[in-house]
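K.L.:
Take a look at this one; I'll ask things after.
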Amino acid sequence: FFNKEGDFNNLTAAAYHKKTHLLVTGFASGIFHLHELPDFNLIHSLSISDQRIASISINCTGDWIAFGCSGLGQLLVWEWQSESYVLKQQGHFNSMVSLAYSPDGQYIVTGGEDGKVKVWNTSSSFCFVTFTEHNSGVTAVTFTSTGYVVLSASLDGTVRAFDLHRYRNFRTFTSPRPSQFSSLAVDSSGEIVAAGSQDSFEIFIWSMQSGRLLDVLAGHEGPISSLSFNPMKCVLASASWDKTVKLWDMLDSWRTKETLIMNSDVLVVAFRPDGKELAVAALNGQITFWDHENAAQTGSIEGRHDLQMGRKELDKITAKQAAKGKSFTTLCYSADGQSILAGGLSKFVCIYNVKEQILMKKFEISCNYSLDAMEVCEHRSTFFSFPHPHKALIFGDMSYRHFKPEIRVTCVRFCPTGRSWAATTTEGLLLYSLDSGLIFDPFELDIDVTPSNIRKTLSQKEYAMAIVMAFKLNEKKLIQEVIEAVPSSEVDVVCSSLPDLYVEKLLEFLASAFETSCHLEFYLIWAHKLLMLHGQKLKTR
């Protein structure tokens, strides 16, 4: 039907809604059509993208249509009757390179190779503003301490400051000679902006207020790989491929206070939140810790083995040998400074205890075997001695003109609240959290909820279950009866085993009970225990 007119390109996705007889078709050019069947009346046709539409879905009432375009990472929900967007989201076109949390942990800013700067809401996971001013890849992003200004450095030779109140680019910092900026840092007051260049080996310092260039720090003999301001003092640490970390004192007119010599090219440097320790990751896979006041090394972690990866398709050497070239490219201290998060060219992100210098946990970012070097495979010779079911999967057909993207973690950051951390990876922006955001309530499955059953559960001393059942019936007298039947010594245990959903319901019930009940102390114990145990979760939600 579509090809008979000759001007249609390839049909890539379709969906049909039975009740309303609505047919939605998507094409390789990003155009979609709405037809009414069986007469094939065209309701309307629109272009939503310049990439192919990968999938289409219609909601049960037939009012909303969802489109997915995998090429640009677009997700759209279209209300066809009013011809308006219900939802519009798009990720970075290329891989994300850098991220930063806002000081309150509510927002995340990411920068990508596509030159876009996006700000995401951590609780809804949606991007709410995109800045497209950069003409080349963004290499680093950060928030100022107020949380209302986002800074980004780019290979186009600019550092830009964006205002999150009015969503505009209000400052653009440039260097006298154009240079590609590869790293960025802002001091704790938010007044001093520093960016490192990867072609002139210099560090540029600007004033946020005036936008003027204050100073150019020369001294490194290789590209600047990372910058970090001490959160407590006016000291800037800069890491470079010339195997040194330099500490510059702002109050002493930016003189080099100290130079720390490493055994290998330095890739990333990070201060502990209290400013008393410096962590440095180098090309040899080591993370070293320094007391920068006395220029003394206090510890080191040999992290190379924790980055273990499979063998790449085109590798001439074994995975074990290849691991010798692995290193961490991003570091971040936890909020309390006791552990450090590290990631690099690997599918693993590692958390180490700084004091004990041991690996506490390894997170596997992806299990996607279409990425390169994902299989930690067996001995080489076994591949050729008998047919391996995954042989095509691991080596691929060399005659195809395509390549496998390699998995990597470009940036990791801890949330200032200490309850979660985020990573930008080839799989997108990933958030890991101690608090489960989803309310999954497994109690609702199969028990007949009746007053007699609730009293029976109560008599068996299954207090938490009885409370949950009572809230399902939602009869106030019954809820009161159940809660007042719980001995005060058991309150702590019951509170800790309540699902999140019922914690809020119980608090609402307590609030109204305080006004009428004579059991004041008993209800205060309940309120106190609930808030102590679940306060943090309630706050984040």
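K.L.:
Would you mind getting the accessible area per residue of the range 30-150, heavy atoms of the protein chains only, 1.4 Å probe, in Å²?
P.N.:
Accessible area per residue: 44 Å².
K.L.:
Could you compute the net charge surrounding I483? Neighbours are other residues with a C-beta less than 13 Å from the C-beta of I483; K and R count +1, D and E count -1.
P.N.:
Local charge sum for I483: -1.
K.L.:
When the Kirkwood radius is taken over all Cα pairs of the chain, what Stokes-Einstein diffusion coefficient follows at 4 °C and 1.567 mPa s, in µm²/s?
P.N.:
Calculated translational D: 47 µm²/s.
K.L.:
Roll a 1.4 angstrom probe over the protein heavy atoms and tell me the percent of accessible area of the chain that is carbon or sulfur.
P.N.:
Here it works out to 52 percent.
K.L.:
Please work out the average accessible area per residue across the range 468-541, using the 1.4 Å probe convention, and give it in Å².
P.N.:
Per-residue value: 56 Å².
K.L.:
Restricting things to alpha carbons, find the Rg to Rh ratio for the range 104-244 using the Kirkwood radius for Rh.
P.N.:
0.96
K.L.:
Seen from all sides and averaged, what is the projected area of the convex hull of the Cα atoms in the range 451-540, in nm²?
P.N.:
Average projection, Cα convex hull of the range 451-540: 5.4 nm².
K.L.:
Explain nothing, just the number: relative contact order of the range 11-90, from Cα pairs under 8 Å at least 6 residues apart, as a whole percent.
P.N.:
21 percent
K.L.:
Report, in listed order, any pair from K362/K505; K19/K88; K326/K404; K243/K347 with a Cα-Cα distance greater than 28 Å.
P.N.:
K362/K505
K.L.:
Here's a follow-up. Considering only the other residues whose Cβ falls under 13 Å of the Cβ of V354, what net charge follows from Lys and Arg at +1 and Asp and Glu at -1?
P.N.:
-2
K.L.:
How far is it, in nm, from the label point at A218 to the one at S82 when both lie 7 Å from their Cα along the line to the Cβ?
P.N.:
Going from the A218 label point to the S82 one covers 6.1 nm.
K.L.:
Please compute the length gained on full extension between S124 and S497, using 0.36 nm multiplied by the number of residues separating them and subtracting their Cα-Cα distance.
P.N.:
Using 0.36 nm per residue and subtracting the Cα-Cα distance, I get 131.7 nm.
K.L.:
In Å², and per residue, what accessible area does the range 169-306 have when probed at 1.4 Å with the other protein chains present?
P.N.:
With the other protein chains kept in place, the range 169-306 gives 41 Å² per residue.
The values are calculated or read from the model by the stated rules, or taken from the named source; none is laboratory data. These figures come from a predicted structure and were not determined experimentally. Quick reminder, even Gly has a Cβ in these numbers, built from the backbone with ideal geometry, and neighbours come from all protein chains shown. These accessible areas exclude ligands, DNA and RNA; they are computed on the full protein's heavy atoms, side chains included. Shrake-Rupley method; radii C 1.70, N 1.55, O 1.52, S 1.80 Å.
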